[in-house]
Amino acid sequence: MDRLLRFLLKTFVQRGTFRVTTSRGTVLTFGDGTGQPVWVRFATRAAEWGILLDPELKFGESYMNGTFVVERGSIADVLAIMLGQNSDVPHWARPQGLLRFLNRRLQQFNPRRRARNNVAHHYDLDGRLYSLFLDADRQYSCGYFESPEQSLDDAQIAKKRHLAAKLLLGRDRFDRDLRVLDIGCGWGGLGLYLAEVAGADVTGVTLSQEQHAIANERAAEKGLAERVRFNLRDYRDVAGPFDRIVSVGMFEHVGINHYETFFRKSAQLLSPDGVMVLHSIGRSEGPNATSPWIAKYIFPGGYIPSLSEVLPHIEKAGLLVTDMEILRLHYAETLKQWRDRFLAHREQVERIYDRRFVRMWEFYLAASEMSFREQDLMVFQVQLTKRQDVVPMTRDYIGREERRLRGAEGERHPPLRLAGE
């Protein structure tokens, strides 16, 4: 086994300084000697075999179970080395990757009941968990860092402001509040911002019972229940029309089989002079398959698309792309701050769940961050309309709208707080 580990890891780990202690006590060193040294240890032979036979699944499982131990550095440092090599996966695992790619449509088949179950798996966890690492507004999607030193709370406010600017909110030609649909509204933060700051009439939909209850409680607490309503409903069952549609961090759960349905339904719900903004994680290097570990433990039924998989369905639905923006390292910075906050409260998380859960979520946050830093993940924001003349000809309006919204925010946004407060 030691010889096999030496041979296979030597062919994969070409960069960094990576020291492995096998379950028999043999010390192996790989890489080119650059960077901070990282030391790991296998506690069992089963862990060694698992990582050799199915690294994409068993690597995370071994860390969760405590049979893959990081002795110097952190699991984030390990993942930075693993994901920073020349290949996405070790060459000996490529046949498994091909099989998963061929099987991905079956895994992403998300009819209504399965979609609800998938959402509950992740978003209906104990609400105390999310309060320990998210910002004050519980934004569970990529922040918009206007400067490297910006706080997480400010970056999330900036994200909401940026999206609202692209939606061109105000009043319609009949001097009525614009009707906005928020598909996948989370805990209601964006919808409440659009109503309170931008003056919109908002309907949000979610499949999470926890998020639905909290979002409506927040609307009532703010006295906005007449302007914002959150429904426990599948977007496919919503009736329109709406002047504006926004969807943030939900499209990753749709599944590739349902892209045509998503955009056709969006086109059906959008008024003739309406604007839609879709914010989603994406891939820069073409279609792929979901990590089997992520699919099993974190986001069942989820998939991160490439633009080449998304744009054809937008075109078929009769929608026009009027603006597209790629956010590269913004999510890496968001995830780093989430991970730091999570680890600062790991003892509390362990009391809510257990040590294995803590390691699972640490691995999830670290792997996600390093996928943005070292591989091809990014976030795209696509603005869609039905007519060419709905939005201004140049992008100057985005900055003007952001300045207007920043002034309207005044003292309305929540006070900054430390995670867990």
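The values are calculated or read from the model by the stated rules, or taken from the named source; none is laboratory data. Computed from a prediction, not measured in an experiment: that's the story for all the values here. Reconstructed Cβ throughout: ideal geometry from the backbone, glycine too, with neighbour counts over all protein chains shown. What goes into the accessible areas is simple: the full protein's heavy atoms, side chains included, and nothing from ligands, DNA or RNA. Shrake-Rupley method; radii C 1.70, N 1.55, O 1.52, S 1.80 Å.
Only residues that are touching a strand residue (DSSP E or B) at 6+ places or on another chain (Cβ under 9 Å), open to solvent by 50 Å² or more (accessible area, probe 1.4 Å) and assigned to a loop (DSSP other than H, G, I, E, B) were counted across the stretch 186-225, and they come to 1. Right, LEU365: modelled with pLDDT of 95 or more, open to solvent by less than 20 Å² (accessible area, probe 1.4 Å) and more than 19 Å from the chain's Cα centre (by Cα) or not? No: the conditions fail for LEU365. Restricting attention to the stretch 2-34, the residues that are more than 15 Å from GLN85 (Cα to Cα), touching a Lys or Arg at 6+ places or on another chain (Cβ under 7 Å) and open to solvent by less than 40 Å² (accessible area, probe 1.4 Å) total 3.
Taken over the stretch 226-248, the criterion of being assigned to a helix (DSSP H, G or I) and farther than 23 Å from LEU168 by Cα is satisfied by ARG236, ASP237.
Here LEU5 passes the criteria (1) part of a helix (DSSP H, G or I); (2) free of Cβ contacts under 8 Å to residues at least 24 places away in the same chain except the one numbered (2). Residues in the stretch 301-323 that are outside any helix (DSSP H, G or I) and either open to solvent by 30 Å² or more (accessible area, probe 1.4 Å) or in contact with an Asp or Glu (Cβ under 6 Å, 6 or more places away or on another chain) (or both): GLY302, ILE304, GLY318, LEU320, VAL321, THR322.
The residues in the stretch 354-404 that are within 28 Å of TYR193 (Cα to Cα), of a type outside the set (A, V, I, L, M, F, W, C) and in a loop (DSSP other than H, G, I, E, B) can be counted, and the count is 7.
Within the stretch 35-42, can one find any residue that is in contact (Cβ under 8 Å) with a residue 40 or more places away in the chain, surrounded by fewer than 20 Cβ atoms within 10 Å (Cβ to Cβ) and more than 16 Å from ARG359 (Cβ to Cβ)? Yes, that holds for at least one residue.
Residue by residue, here is whether (1) out of contact with any strand residue (DSSP E or B) (no Cβ under 9 Å at 6 or more places or on another chain); (2) in contact (Cβ under 8 Å) with a residue 40 or more places away in the chain holds:
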position	(1), (2)
GLY255	yes, yes
THR261	yes, no
LEU270	no, yes
MET276	no, yes
PRO305	no, yes
GLU315	no, no
LYS336	yes, no
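Residues that are within 11 Å of ILE81 (Cα to Cα) and not aliphatic (A, V, I, L, M) do not occur anywhere in the stretch 44-52. Within the stretch 281-297, if we keep just the residues that are open to solvent by less than 30 Å² (accessible area, probe 1.4 Å) and in a helix (DSSP H, G or I), the residue that is farthest from PRO55 (Cα to Cα) turns out to be ALA295. Cβ-Cβ contacts under 6 Å between residues 6 or more apart (or on different chains), taken from a first residue in the stretch 229-242 that is farther than 17 Å from ASN216 by Cβ to a second residue that is assigned to a strand (DSSP E or B) and open to solvent by 40 Å² or more (accessible area, probe 1.4 Å), are listed as PHE242/ARG179. Residues being small (Gly, Ala, Ser), in contact (Cβ under 8 Å) with a residue 24 or more places away in the chain, surrounded by fewer than 20 Cβ atoms within 10 Å (Cβ to Cβ) and more than 21 Å from ALA366 (Cα to Cα) are entirely absent from the stretch 49-68.
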